[in-house]
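Colleague: Take this structure, written in structure tokens, and hold onto it; I'll ask about it next.
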Amino acid sequence: MAHIRRRDLLLAGLALPAMAGVIDGGTAGSDTSAKPKRFEDTVGFEVADLMSRSGLAILPLGSLEFHGPHNPLGSDSIIISGIAERVAARTSGLLFPTISFTQCPAHTAQFRGTLSLRPEVMTVYFADVLRNIAHLGFRKILILNGHDGNVGPGRGAIAQVADENKDAALLFVSWWEFLPSEMMKTLRMFHQANGGHGHGGPLETSAVAAFRPELVHLDQAGDLPEPPDLSGGPPYFLQKSTAAGWPGYSGKISEASAEKGRKIVQISEDGIVKLVENWLQHDEVPGSW
Ligand SMILES: [Zn+2]
């Protein structure tokens, strides 16, 4: 019965008003009714007009990856597409389709359902997509990332395209980096030392539930013990080549909920919008600060 109650609790979040106000002094919640302009919806020669009016292109990067028995394979794409829609609506950027076929690390690639391309292929592929966007005339390109495996290839592609387009600026951000562990601890949503972070963990699961609660099945995954705290806070990159003995997710899953997810996603969205507005405002300042 316990798992049924957890599932009921998760779905109960559906009844709450979309985007409850942000906790701890954030903005009062964005206007979720505002719709972004989508690249695939532009008609004929309209793209030139849109480009000259906004000049900002937004490209979301996701994945198709096993996220535990309780989450959809498109978890990263669902989260970043949802955040990108709101960021595009609030910044008047032109929203490009989410790239979902990407590269996944060895430890998740071993799970059935993960689709993974080689990192060198992704670098070349991302670069070609960015080249095409730059060729349309966009000189400000925001890459919104929803998947850790995109960081390396994404930055490699950006380096190439920036070198070829001397008047272009490309900004790369990962949504979860606006939710550092120390800040998450102050919100008291998740009670493990990493603030709920971790692959398929309660933070990410909540964010998926914020957009697609019907795809999250908390009753399919048990709580896992606290992962070891290797650095005490500072970020690091550790890649294991095997998934033996790992269930494909992490953390105290019972702490996930759609309501928490909506708050988390709002904080990330507000942080990204603030960053983009500051970026565009200070565009003339030399340097890459
Ligand atoms: Zn993920």
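Colleague: Can VAL208 be described as within 14 Å of the ligand (Cβ to nearest atom), open to solvent by 30 Å² or more (accessible area, probe 1.4 Å) and closer than 30 Å to PRO227 by Cα?
Modeller: On the way: within 14 Å of the ligand (Cβ to nearest atom): yes; open to solvent by 30 Å² or more (accessible area, probe 1.4 Å): no; closer than 30 Å to PRO227 by Cα: yes.
So VAL208 fails the test.
The rows are residues; the columns are (1) open to solvent by less than 70 Å² (accessible area, probe 1.4 Å); (2) farther than 30 Å from ARG53 by Cα; (3) modelled with pLDDT of 95 or more.
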{"position": "GLY222", "(1), (2), (3)": "yes, yes, yes"}
{"position": "TYR236", "(1), (2), (3)": "no, yes, no"}
{"position": "GLN239", "(1), (2), (3)": "no, yes, no"}
{"position": "THR242", "(1), (2), (3)": "no, yes, no"}
{"position": "GLY245", "(1), (2), (3)": "no, yes, no"}
{"position": "LYS252", "(1), (2), (3)": "no, yes, yes"}
{"position": "GLY261", "(1), (2), (3)": "yes, yes, yes"}
{"position": "LYS274", "(1), (2), (3)": "no, no, yes"}
{"position": "GLY287", "(1), (2), (3)": "yes, no, no"}
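Colleague: Scan segment 108-134 for residues that are over 12 Å from GLY152 (Cα atoms), in contact with a strand residue (DSSP E or B) (Cβ under 9 Å, 6 or more places away or on another chain) and either modelled with pLDDT under 95 or aromatic (Phe, Trp, Tyr) (or both) and jot them down.
Modeller: TYR125
Colleague: With the requirement that a residue be of a type in the set (Val, Ile, Thr) and in contact with a Pro (Cβ under 6 Å, 6 or more places away or on another chain), what does segment 40-95 give you? Steps first, answer last, please.
Modeller: Quick first cut of segment 40-95, residues of a type in the set (Val, Ile, Thr) only: 42-43, 47, 58, 78-80, 83, 87, 91.
Within segment 40-95, just ILE80 meets the criteria.
Colleague: Quickly run through segment 239-259 and pick out the residues that are in contact with a Leu (Cβ under 8 Å, 6 or more places away or on another chain) and not aromatic (Phe, Trp, Tyr).
Modeller: Within segment 239-259, PRO247, SER250, GLY251, LYS252, ILE253, SER254, ALA256, SER257, ALA258, GLU259 meet the criteria.
Colleague: Could you tell me whether VAL161 is outside any loop (DSSP other than H, G, I, E, B) and within 16 Å of the ligand (Cβ to nearest atom)? So that I can check it myself, show each step before the final result.
Modeller: Values: outside any loop (DSSP other than H, G, I, E, B): yes; within 16 Å of the ligand (Cβ to nearest atom): no.
Spelling it out, it is not the case that VAL161 is outside any loop (DSSP other than H, G, I, E, B) and within 16 Å of the ligand (Cβ to nearest atom).
Colleague: Of all residues in segment 165-205 being part of a helix (DSSP H, G or I) and β-branched (Val, Ile, Thr), which is surrounded by the fewest Cβ atoms within 10 Å (Cβ to Cβ)?
Modeller: Filtering segment 165-205 for residues that are part of a helix (DSSP H, G or I) and β-branched (Val, Ile, Thr), the one surrounded by the fewest Cβ atoms within 10 Å (Cβ to Cβ) comes out as THR186.
Colleague: Could you please find all residues in segment 211-220 being more than 16 Å from the ligand (Cβ to nearest atom) and open to solvent by 90 Å² or more (accessible area, probe 1.4 Å)?
Modeller: GLN220
Colleague: Is there a residue in segment 103-118 that is within 30 Å of GLY55 (Cβ to Cβ), touching a residue at least 12 places away in the same chain (Cβ under 8 Å) and open to solvent by less than 20 Å² (accessible area, probe 1.4 Å)?
Modeller: no
Here's the yes/no breakdown for (1) surrounded by fewer than 18 Cβ atoms within 10 Å (Cβ to Cβ); (2) touching a residue at least 24 places away in the same chain (Cβ under 8 Å); (3) closer than 20 Å to ASN278 by Cβ; (4) within 13 Å of the ligand (Cβ to nearest atom):
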site	(1), (2), (3), (4)
GLU40	yes, yes, no, no
ASP49	yes, no, no, no
GLY62	no, yes, no, yes
PRO69	yes, yes, no, no
GLY82	no, yes, no, no
ARG86	no, yes, yes, no
THR98	no, yes, no, no
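Colleague: Go through (1) of a type in the set (A, V, I, L, M); (2) away from the ligand (no atom under 16 Å from the Cβ); (3) over 21 Å from PRO225 (Cα atoms) and name the single condition VAL173 misses.
Modeller: (2) is the only condition that VAL173 fails.
Colleague: Under the condition of being within 16 Å of the ligand (Cβ to nearest atom) and open to solvent by less than 70 Å² (accessible area, probe 1.4 Å), which residue from segment 123-149 is farthest from LYS240 (Cα to Cα)?
Modeller: At the first step, the residues of segment 123-149 found to be within 16 Å of the ligand (Cβ to nearest atom) are 144-149.
Applying the additional criterion that residues be open to solvent by less than 70 Å² (accessible area, probe 1.4 Å) yields 144-147, 149.
Details: LEU144: 25, ASN145: 22, GLY146: 20, HIS147: 17, GLY149: 13 Å.
Looking at the filtered set, the residue picked out is LEU144.
Colleague: A follow-up question, please. Considering (1) surrounded by 24 or more Cβ atoms within 10 Å (Cβ to Cβ); (2) closer than 21 Å to ASN165 by Cβ, say which one ASP76 fails and leave the rest.
Modeller: The one condition ASP76 does not meet is (2).
Colleague: Here's another thing I want to ask about it. What residue, among those in segment 150-162 that are open to solvent by 20 Å² or more (accessible area, probe 1.4 Å) and aliphatic (A, V, I, L, M), is nearest to the chain's Cα centre (by Cα)?
Modeller: Here is the first cut: in segment 150-162, the residues open to solvent by 20 Å² or more (accessible area, probe 1.4 Å) are 151-152, 155-156, 158-160, 162.
Checking the rest, the ones that are also aliphatic (A, V, I, L, M) come to 151, 158-159, 162.
Numbers: VAL151: 11, ILE158: 18, ALA159: 21, ALA162: 23 Å.
Out of the qualifying residues, it is VAL151.
The values are calculated or read from the model by the stated rules, or taken from the named source; none is laboratory data. Owing to the predicted nature of the structure, the values given are computational and were not obtained by experimental measurement. Every residue, glycine as well, gets a Cβ built from its backbone with ideal geometry; the counts of neighbours run over all protein chains shown. Quick note on the areas: whole protein, heavy atoms, side chains included, nothing else; ligands and nucleic acids left out. Shrake-Rupley method; radii C 1.70, N 1.55, O 1.52, S 1.80 Å.
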